[in-house]
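Asker: So that we are looking at the same thing, I have put the structure below in C-alpha cells.
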Number of protein chains: 2
Amino acid sequence: MQKAFQDYYPDHLSYCYGCGRLNEYGLKIKSYWDGDETVCRFDPKPYHTAIPGYVYGGLIASLIDCHATGTAAAAAYRAEGREMDTEPPYRFVTASLHVDYARPTPIDGTLEVRATVKEIKGRKVVMALTLSAQGETCARGEVVAVQMPEQLARPPATRV
Amino acid sequence: MQKAFQDYYPDHLSYCYGCGRLNEYGLKIKSYWDGDETVCRFDPKPYHTAIPGYVYGGLIASLIDCHATGTAAAAAYRAEGREMDTEPPYRFVTASLHVDYARPTPIDGTLEVRATVKEIKGRKVVMALTLSAQGETCARGEVVAVQMPEQLARPPATRV
C-alpha cells in the first residue's frame, strides 16, 4: 500500500477540513503518485448534491484544491530527490484556484481527480487538473500553490 | 426580515449542499441584496479549518460559488423587474469559478462575501466577489454562472 501524500503531513498541519487525517469532520482527501501524474479518488456522500443526482460544485473545488496542494508538496520533494518523510517538511497553500465546470457531475460512483505539474518555480507550483466521473471529464482546474510561510508551517510551540 | 435568494428556490432545486434549505447536512448559505451589491454572511464551524486558526479554502470557494449562483438568479429577476416568487423560476449553475487567496482567513468571527454583477448577457451572468474577515479582504473571486438547462430545472415528474 502506497502512503498518501497527506499522511506525511506533520500532525499540527493535519487538521485541514479537506484533507487532514486528524480532522474528524473533514473529507479526508487522499492523493497518490501514478507515474508522472497524481491521482485522488473520492466517493461523494449522498448529501454532496448540487441538484439531486449531481455533485456539488463546491465539493469539486475542494477536491481539486486539496489534491493540488498535496501534489505540490509531493512534487517539491520529488524535485529534490527526497522522500516525503524527510526534513524539512513541505506544506503548500493555495494562491489561486480556477475551475471550469464542463458538465454536470453524476454523484453515483467514484470521482477521480488527476493532476499534472506544469511548473515548479521557487516556492510556487502550478498544476493542471481534471475531475472525471463514470469515465467522462466533468471539470478542469488550474491551481497555483505556494509553500506555506515558515511561521505557519512550524508547530505552534516553536513559533516566535 | 428580507427573504434570502435561496429561500425562493423551488423545493426540488433546494438540495444543494452549499445553499439548499432542504439539505439537512449542508451549509445553508444565504444571500441578500444590499443596494446594488449582494451580501452573504457565514459563521464557519470550528472544524472548517485549513490549518488551525484559519478557514479552509474549499469552504471559501463554496461560499463564493453559492453566493454567486444566488446573485445571478436575483440579478436576472431584477433585470426583468420581477420578484423572485414569480414564474418562470430562475436557477443558475456555475460555469467557471476563480478564487485568488490574498491572505489566510481568520476563522474567528463572521465571514462576509459580497458580489457585484459585471455583466448579464443572455443566459450568462458574470460576477466579481470579495470575501472578508475581521474587516480585511482575504479572497477575491470571479464567477461565470449560466442559467440551468430547462430539463434540469423542472420538477423531476415533469421532465420528458
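The values are calculated or read from the model by the stated rules, or taken from the named source; none is laboratory data. Just so it is clear, the structure is predicted and the values come from calculations on it, not from any experiment. Counting neighbours? That spans all protein chains shown, and the Cβs are built from the backbone with ideal geometry, glycine included. Accessible surface is based on the protein model in full, side chains and every heavy atom, while ligands, DNA and RNA are left aside. Shrake-Rupley method; radii C 1.70, N 1.55, O 1.52, S 1.80 Å.
Asker: Between the helical axis of A:57-79 and the dominant principal axis of chain A, each derived from Cα atoms, what acute angle in degrees is found, rounded to the nearest 10?
Answerer: 40 degrees
Asker: Only counting protein heavy atoms at a 1.4 Å probe, give the residues of the range B:27-71, ordered by number, whose accessible area falls by 30 Å² or more when the other protein chains are present relative to the chain alone.
Answerer: B:Y47, B:T49, B:A50, B:I51, B:P52, B:Y56, B:S62, B:D65
Asker: Next question. Distances from A:D108 to the same position in the other copies: list them in nm, one decimal, shortest first, using label points 7 Å from Cα along Cα→Cβ.
Answerer: Reported distances to equivalent positions: 4.9 nm.
Asker: Ignoring ligands, DNA and RNA, what percent of the accessible area of the protein assembly as shown is carbon or sulfur (1.4 Å)?
Answerer: After summing per-atom areas, the C and S share lands at 50 percent.
Asker: In nm, what does the list of distances from B:E80 to its counterparts in the other copies look like, shortest first, when each label sits 7 Å along Cα to Cβ?
Answerer: 5.8
Asker: With the other protein chains left in place, how much accessible area per residue, in square angstrom, belongs to the range A:87-160 at a 1.4 angstrom probe?
Answerer: I get 51 Å² per residue for the range A:87-160.
Asker: Oh, and also: List, shortest first and in nm to one decimal, how far the label point of B:I120 (7 Å from Cα along Cα→Cβ) is from its counterparts in the other copies.
Answerer: 4.9
Asker: So, in Å, what gap is there between the alpha-carbon centers of the range A:105-136 and the range A:5-38?
Answerer: Between the Cα centres of the range A:105-136 and the range A:5-38 lies a distance of 15 Å.
Asker: Ignoring ligands, DNA and RNA and using a 1.4 Å probe, state the total buried accessible area between A and B in Å², rounded to the nearest 100.
Answerer: Roughly 2700 Å².
Asker: Please compute the per residue accessible area over the range B:28-81 with all protein chains in place, 1.4 Å probe, rounded to a whole number of Å².
Answerer: 34 Å²
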